[in-house]
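Working notes, structure below.
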Amino acid sequence: MKSRIVSSLYLIAIILASVLVFESCQKEESLSPRKDLAGAQEFDININPNDTLGGIGGGIGGGGGTGGGGISEYFNAIVDGTGASFDLYTYSSAGGSVIFAGTNSSNLHQISFSAAGAIASGQSYELNGFPYSASYRGSSTNLMISERGTLYIDTIATNYIRGTFFFDGINQNDPTDSVLVRSGTFQFEF
């Protein structure tokens, strides 16, 4: 009788373990091209596979708090064929809208994004005006507003954002003045 109870318990344990393993498996994504990233290769947009969260909480930037080890923060792009880095990061959200930017502390050039709605991880946003737009300010007199482009949010968390972008910007005061922003990548704490 005792061996029969042990055998029954053993069988139940195997069934429960099998159900647990089966239920914990997630459906794999297909290997077909992602429509939300269509055109990214054309404009040389790449997400750096070596970027990791690394422990959100402390570190550089506006992360605050304790713990974590911080992350490697960056905000880079190719502007009219020349590499540009932005070492100051800002992020603000209120009333469902989001604004974030990267600013170069030495020349005050800036790339900023505005979303009149929530943004989410794994989503692409067309940068062609309202509700999602981008801008580039190369000097105090020439603000270039995105006419077309894409912002891809790879990850957004409570105090962290990472993504890629590209856009064509037009000077609102002189339509013959434009900027091409390519291969944009950013990752920072806020």
> Quick one: length gained pulling Ser139 to Gln172 fully straight, 0.36 nm per residue minus the C-alpha distance?
Replying inline: 10.5 nm
>> Once you place label points 7 Å from the Cα toward the Cβ at Thr155 and Asn104, how far apart are they in nm?
In response: 2.8
>> Test of understanding: what is the full-extension gain from Ser72 to Thr90, defined as 0.36 nm times their sequence separation minus their Cα-Cα distance?
In response: 4.9 nm
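No lab work stands behind these numbers, since they all come straight from the coordinates. Given the structure is predicted, the values throughout are model-derived calculations rather than measurements. Cβ atoms come from the backbone with ideal geometry, glycine included; neighbour counts cover every protein chain shown.
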